[in-house]
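The values are calculated or read from the model by the stated rules, or taken from the named source; none is laboratory data. Owing to the predicted nature of the structure, the values given are computational and were not obtained by experimental measurement. Note that we place each Cβ from the backbone using ideal geometry, even for glycine, and neighbour counts take in every protein chain shown.
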Amino acid sequence: MEITVDQMYNIENKGHDMGFLKKFMMENAGAAAVKRLVEKLGNVDSKNILIFVGMGNNGGDGLVMARHLAGYGAKVTVMLLGNPENIKTEESNWNWSILEKMPSVKLMTGGSTDFDFKPDVIIDGILGTGISGEIREPYASAINYINKTDCYKFAVDVPSGLDPQTGETANICTKCDMTVTFHKMKQGIPKRKDLTGELFAEKIGIPPEAEEGIL
Ligand SMILES: NC(=O)C1=CN([C@@H]2O[C@H](COP(=O)(O)OP(=O)(O)OC[C@H]3O[C@@H](n4cnc5c(N)ncnc54)[C@H](OP(=O)(O)O)[C@@H]3O)[C@@H](O)[C@H]2O)[C@H](O)CC1
Ligand SMILES: [K+]
C-alpha cells in the first residue's frame, strides 16, 4: 500500500502522541537503513562512508546511521549542511550530541565538499518528506557532489530532490543505488526507480493503531 506524505506526517504525530516518540522512530529508521546497507555491501569494516546530513529529521536518520555504521567498523565522516545550533528538531539534535562524544565518527559542518579522502559509500540524508521548492545552498552543492562522485550511493527515505508525494524532481536530485523509506511507501517514490535504485520500505515500530482514522 502506498500512502501520502500528509498521511505519513499524521501517522508519525499520532504515534508520537501515543508515546512511541519520534526519537524512537528515528532510531529504528536509521537501524533498518543500516541493516539493508550492510546486507547489500556484505562488509563495511574500514570502508570510507560519507554521510551528508540535512538540518531536519532526514538528517537525523543519517546521524543514527553514522552511529550504527561506526559500530560495524566503518570509517564514518558526517557532513552537516549547516551550523549545529540550527539543527531543527530535538530528536536530531539528540543524535548529534551523541556523535560529539564519539571520536570514532568524524564530524564536519558547513557544507564544504572538499574532502581529503575518496568515499566508498555516500549516504544522502539531506532531504526527505520536508522538501519544498528549488534546492537551496549548501544542499545543492552536496547533491551535485554526490552525483559526480563514483561510488555506492544510498538515499535515506527518498533521493534528495525527489518529491515523495508527486514523484516530480526539483532542479536537481540525487541518483542513488539504493533507497530505504520508512513505515510505508510514499506515492511518488516508486515512480522514479531510475533515481531510487533498489527500493525498500522498512517498518520502524509505529503502532498500527496510529493509522486509525488516517488510512
Ligand atoms: N516517516 C517516518 O515515520 C519517519 C520519518 N523520519 C524522517 O524525517 C524526514 C522528514 O523530516 P523533516 O524534518 O520533516 O523534513 P526534511 O528533513 O525532509 O527537510 C526539512 C529540512 O530541509 C530544508 N529544506 C526543505 N526544502 C529545501 C530546499 N528546497 N532546499 C534546501 N533546504 C530545504 C528545510 O529548511 P527550512 O528552512 O525550509 O526549514 C529543513 O531544514 C523523513 O524524510 C524521514 O527521513 C523520521 O526521522 C523517522 C520516522
Ligand atoms: K534523502
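Okay, here's what the table says:
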| quantity | calculated |
| --- | --- |
| Only one of ALA32, ALA74, ALA66 that is more than 16 Å from ligand 2 (Cβ to nearest atom), touching a strand residue (DSSP E or B) at 6+ places or on another chain (Cβ under 8 Å) and aliphatic (A, V, I, L, M) | ALA74 |
| Residue in the range 66-81 that is closer than 28 Å to HIS183 by Cβ, within 13 Å of ligand 1 (Cβ to nearest atom) and at pLDDT 95 or above present | yes |
| Any chance THR179 is in contact with a helix residue (DSSP H, G or I) (Cβ under 6 Å, 6 or more places away or on another chain), among the polar types (S, T, N, Q), under 25 Å from SER92 (Cα atoms) and surrounded by 23 or more Cβ atoms within 10 Å (Cβ to Cβ) | yes |
| When residues of the range 174-187 are limited to those that are in a loop (DSSP other than H, G, I, E, B) and within 11 Å of ligand 1 (Cβ to nearest atom), the one farthest from ILE49 (Cα to Cα) | LYS184 |
| The range 153-171, subset surrounded by fewer than 24 Cβ atoms within 10 Å (Cβ to Cβ) and polar (S, T, N, Q), residue nearest to GLU134 (Cα to Cα) | ASN171 |
| Helices (runs of 4 or more DSSP H) (entirely within the range 38-148) containing at least 1 residues that are in contact with a Leu (Cβ under 7 Å, 6 or more places away or on another chain) and without any contact (Cβ under 8 Å) to a residue 40 or more places away in the chain | 57-71, 90-99 |
| Check on ILE131, over 23 Å from LYS35 (Cβ atoms), at pLDDT 95 or above, crowded, with 19+ Cβ neighbours inside 10 Å and touching a Ser or Thr at 6+ places or on another chain (Cβ under 9 Å) | yes |
| Residue within the range 3-17 that is more than 16 Å from ligand 2 (Cβ to nearest atom), in contact (Cβ under 8 Å) with a residue 24 or more places away in the chain and over 22 Å from LEU215 (Cα atoms) present | no |
| Count - residues of the range 175-187 that are within 13 Å of ligand 2 (Cβ to nearest atom) and over 17 Å from LEU215 (Cβ atoms) | 5 |
